[in-house]
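Report on the following structure.
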Amino acid sequence: MHVCLLPTEIISHIIFNTYGDHKGPAKHATLAALARTCRKFKEPALDSLWKDIDGFKPLVSCLPEGVSDTNMGEQLTLSNPEWRLLDRYARRIHRFTVSEGDLDLLDDRVVQVLISTPLATPLLSNLRSLVWTDDRPSFFPLLRALFGSTITSMKLGFRSTYRSFALSALLASLGARCPSIRELDCACSGDSDESSDLILCRLQTGVFHTGDLVRLASLPSLKSLHFDLMRYNIEEQLNFIPINFSDSMNAFEIGDVIYLSEGFSPTLEELVFELELELEFSDFDKEYTFTDPGLALHFDAVVPLLSFSCLTDLRLDWICTSAIDDTSLKTMAQSWPLLETFWFGGAVPWVVPPSLTFIGFVHLIHCCRRLCSIQMSFRACPVDVNSELFSKTIPNKNIAHLSVGVSPIIDPIGVASQLRGLLPKLAEVRFFEWPAGESVPPPFEHYEDGWSRVNEFLTTSAK
């Protein structure tokens, strides 16, 4: 072997740069063959082969022959050499994913042997990231056996929102068993105070019980709070927070969630409300949901968020912001000078016209100089470029794309000229994208034409 290949670090570097994080049978077969090439390649190749594992099948293959035979009724026990053989591979796993159905190959005997390891460390002693999406309580003891102090990221994707004792006990053990966890993506809920032992930097959640949400979101280490509501069943009338959508889609519910934010960590940097709605546009003019001004979010509902001075990412893109005016947006922008992403309305074609104007947009650019991404609806018309606000606003060179939702527009060329002055790197303005095959309903077709003229101006002026 060449002298340059003698250091193990060089071999590991070559293997990582050749195979990276790619998965697939071809990679596994090549790494397995590489591990059998010579002793120098063996350990680095095995480390790469076992680093990212899906399901228990690879681990089960390390157990004595025949243990997966469900017809064998005797209790399974492993000798110390057999445990050491299993641990030889298990300790190399850094990322472990268990999807729904992956556990079907395990009978009770195999589960029992995996959770009864005589070793002083967890089953996967160097695990960093755990994804588990099987919600059968019978396998919770096996999940608990994977909890360990080395885990920094965890995703628990359970379909059921039933708050069983087993689930509550499982979540209650997270703080003590996973003290290093920083990111938790959890679509389930528990009811134990022990969850406050966690030290989180990022919490992503679907349906969560109010008490659990407040306990987790108040952790001083929390930097990112992401409400992922795409998995939420809007037909279920459950007493859960955040956002209990009913047929009337009352706006006060999002206000309730923001009200709870008074107990959130003051160092919060990211606050994201993500929702995927199936909107029907075929009978748009009769959809009262989009025309009801009572659904608009008012400034007093936003006030609790103003204390988050470290906020860099705020996404409330699907709410109706028609009740927010220029003065309110100015206050918001002054409160969040570090904003980089601001999505505030614009993802839903609300018929209720916005109160915000181009002046509010200028306030946003003036106060938040780090902005890179904006999505908002406002009434676009030229402003006085000689005004103190406009003349003292430093142009933002970070923004290349601007999403305006269904913003009404007057004098497109005048608006385009002033946008070019505020955003010299702006290449495109994105109007609301209607579903394929759907015609743009009134009055939005005129707005779309106006913004198309803005894009023509931006394209021409950039040459």
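The values are calculated or read from the model by the stated rules, or taken from the named source; none is laboratory data. Note that this is a predicted model, so its numbers are computed, not measured. Here the Cβ is made from the backbone with ideal geometry for all residues, glycine too, and neighbour counts use every protein chain on show. Accessible surface is based on the protein model in full, side chains and every heavy atom, while ligands, DNA and RNA are left aside. Shrake-Rupley method; radii C 1.70, N 1.55, O 1.52, S 1.80 Å.
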Check: Which number in (1) among the small types (G, A, S); (2) modelled with pLDDT under 95; (3) in contact with a Cys (Cβ under 8 Å, 6 or more places away or on another chain) marks the one condition that A333 misses?
Finding: (2)
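Can you find a residue that is open to solvent by less than 60 Å² (accessible area, probe 1.4 Å) and more than 30 Å from E274 (Cα to Cα) anywhere in region 369-377?
Checked region 369-377: no residue is open to solvent by less than 60 Å² (accessible area, probe 1.4 Å) and more than 30 Å from E274 (Cα to Cα).
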Next item on the list: Could you list all residues from region 313-355 that are in a loop (DSSP other than H, G, I, E, B), open to solvent by less than 30 Å² (accessible area, probe 1.4 Å) and touching an Asp or Glu at 6+ places or on another chain (Cβ under 6 Å)?
Entry: G346
Check: Which of the residues belonging to region 388-417 are small (G, A, S) and without any contact (Cβ under 8 Å) to a residue 12 or more places away in the chain?
Finding: S391
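Return yes when P424 is closer than 22 Å to E340 by Cβ and either in contact with a Cys (Cβ under 7 Å, 6 or more places away or on another chain) or surrounded by fewer than 17 Cβ atoms within 10 Å (Cβ to Cβ) (or both) and no when it is not.
Working: closer than 22 Å to E340 by Cβ: yes; either in contact with a Cys (Cβ under 7 Å, 6 or more places away or on another chain) or surrounded by fewer than 17 Cβ atoms within 10 Å (Cβ to Cβ) (or both): yes.
The answer is yes for P424.
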Check: Looking only at region 418-439, which residues are farther than 20 Å from M376 by Cβ and without any contact (Cβ under 8 Å) to a residue 12 or more places away in the chain?
Finding: A436, G437, S439
Checklist line | Residues within region 100-129 that are at pLDDT 85 or above and open to solvent by less than 50 Å² (accessible area, probe 1.4 Å), tallied | finding: 9
Item checked: Residue tally, condition within 23 Å of S180 (Cα to Cα), in contact with an Asp or Glu (Cβ under 6 Å, 6 or more places away or on another chain) and not β-branched (V, I, T), over region 85-118 -> 2
